[in-house]
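The values are calculated or read from the model by the stated rules, or taken from the named source; none is laboratory data. Since the model is a prediction, treat every value here as computed from it, not as a measurement. Methodologically, a virtual Cβ is constructed for each residue, glycine included, from the backbone with ideal geometry; neighbour enumeration extends over all protein chains shown. The protein model used for the area step is the full one, side chains on, heavy atoms only, and it has no ligands, DNA or RNA in it. Shrake-Rupley method; radii C 1.70, N 1.55, O 1.52, S 1.80 Å.
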Amino acid sequence: MSDPIVVKTVEELKSAPEEYREAIAKLVISHAINELYGAQVFDEPAIAYAPTPYAKWLTCRVAMEEYGHHVRFKQLGLQIGIPEERMMPGAGKRPLSIFEFPLKTWEEFVAIKLLADLAEILQVEDLLHCTFHPLRNLARATMPEERFHAQFGEDFSAELVKTPKGKARLQAAVNEYYPYLPSFFGGSKSKNNEIFRKWRIKQRTNDEMRQDFIKRASEVAAKYGLTLPEVRQAA
Amino acid sequence: MSQVVVLPRTLLDQVKAELRAAAWFAALGEPLTDGDRADAEGYARALGLGALVLGQASDWPEAERVLKAPDWSPIWWDREETQRRRLLVEAEARYPERALWTALTELTTELGDVVHGRAGVAAARMAGAAKASVHVAAGAAAQAAYQLALARLAEDAASPFESKFRLFAAGRWPLGVVGSTLILF
């Protein structure tokens, strides 16, 4: 295989092959929309459920960072010529199915941070060596915040499992939300993923990422005495 | 029916300038001044919290204990939320909803890194802060900035969010109410 192209700037992207430009645009749109959905559907409502001012303001910061991720992706999208409307919910691109189940409890939010943010970490990790450097740099700027959000999930999980009632409620939340997460990585025969890897925009197949996620999610759940429900694999 | 107009850029620029000029977290643990007391009383009065004793946390571990206290009073939080929702309705009646939300999101996002950095500096100077507490402080400050911008856009000069912001601007952090005590850091 020939060396992949490396696109160091937004300006250079203009002369990149059309397939490459379209692939970058798809990824940017997907991240911009899903970061905004996540902030709107989970993070912001969670502030009301948080049990203390400490947890509320920590959740405020997390929500703000998630909105910040949306803003970063949107700004990059605008720079590469994507109309703002295509990076907002309701523009035709379907959100992930998990966003159709709005938050009802604090334990659900903790479970989402524990596991869904781990899925986000894997998605961002895969962009850390992206051949489009503005996107690679954006991923690198985002990664410490995503890790903090997952740590937030771990810290509050550790609190909740201290009592049998708290642990049971957290386990119920894990049971409810975890089944939606493996499909977060896309289909096994995804044409988009093939193109992303062809141009080294992304590094791994959807199935490789999914298996890695399942392994890491199982490890983190076990750390807090939680179990993961069986899920059907994406086709 | 209210007439919806474009966002007032001059007003938003003024808010951003005030946010940038604030002494975020610079006076944590320092003795309270008369100005701090006046702003704290003004904040409690504007929220309708009645007569409260003013207390102070002297260091980060004490602030963390206050913020995690199981007997914290949710009244101040709930009243702030009531005010915020009211102001949001008023602002949405004046300005296009999407432009308003975008402006508030961007203002808060831009400020986020600034207040996070300031909280980190304050924590490093005083020592003893849990790592997550810097994030908590940044969340509190960003919320105060959002609330201030909303109050200004809704043109509510008597809002409790004005006096709350003055406390942050003076380097303080209002931690909330525990029992009948309003506690500043």
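Yes or no, residue by residue, for (1) modelled with pLDDT under 95; (2) in a loop (DSSP other than H, G, I, E, B); (3) crowded, with 18+ Cβ neighbours inside 10 Å:
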| site | (1), (2), (3) |
| --- | --- |
| A:G166 | no, no, no |
| A:L170 | no, no, yes |
| A:R200 | no, yes, no |
| A:M209 | no, no, yes |
| A:D212 | no, no, no |
| A:A217 | no, no, yes |
| A:T227 | no, yes, no |
| A:E230 | yes, yes, no |
Exactly one of (1) more than 10 Å from chain A (Cβ to nearest Cβ); (2) open to solvent by less than 10 Å² (accessible area, probe 1.4 Å); (3) within 16 Å of the chain's Cα centre (by Cα) is unmet by B:R118. Its number? (2)
Which pairs do you get when a residue that is at pLDDT 95 or above and among the aromatic types (F, W, Y), found in segment A:51-77, comes within reach of a residue that is open to solvent by 10 Å² or more (accessible area, probe 1.4 Å) and not in a helix (DSSP H, G or I), reach meaning Cβ atoms under 7 angstrom, with the pair 6+ apart or on two chains? A:Y54/B:K68
Across segment A:1-43, what is the number of residues that are under 23 Å from A:A119 (Cα atoms) and either part of a loop (DSSP other than H, G, I, E, B) or open to solvent by 70 Å² or more (accessible area, probe 1.4 Å) (or both)? 2
Let me confirm something: among A:T59, A:T52, which residue is under 30 Å from B:V178 (Cβ atoms), at the interface with chain B (Cβ under 10 Å from one of its Cβ atoms) and open to solvent by 10 Å² or more (accessible area, probe 1.4 Å)? A:T52
Given (1) surrounded by fewer than 18 Cβ atoms within 10 Å (Cβ to Cβ); (2) more than 17 Å from the chain's Cα centre (by Cα), identify the lone condition not met by A:E107. (1)
Which listed residue is surrounded by fewer than 19 Cβ atoms within 10 Å (Cβ to Cβ), at pLDDT below 95 and at positive phi, from A:G81, A:G90: A:G90
Checked A:E125, A:E65, A:E145 against criteria (touching a His at 6+ places or on another chain (Cβ under 8 Å) and open to solvent by 20 Å² or more (accessible area, probe 1.4 Å)); the one match is A:E145
When you scan segment B:124-153, how many residues do you find that are open to solvent by 10 Å² or more (accessible area, probe 1.4 Å), within 10 Å of chain A (Cβ to nearest Cβ) and within 22 Å of B:A103 (Cα to Cα)? 2
Please go through segment B:79-93 and give me each residue that is more than 14 Å from chain A (Cβ to nearest Cβ) and within 23 Å of the chain's Cα centre (by Cα), ordered by number. B:Q83, B:R86, B:L87, B:V89, B:E90, B:A91, B:E92
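Tell me, yes or no, whether segment B:104-112 has at least one residue that is of a type in the set (G, A, S) and more than 9 Å from chain A (Cβ to nearest Cβ).
No, there is no match, as no residue in segment B:104-112 is of a type in the set (G, A, S) and more than 9 Å from chain A (Cβ to nearest Cβ).
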Within segment B:67-79, identify whether any single residue is out of contact with any Leu (no Cβ under 7 Å at 6 or more places or on another chain), buried (at least 18 other Cβ atoms within 10 Å of the Cβ) and basic (K, R), and answer yes or no. no
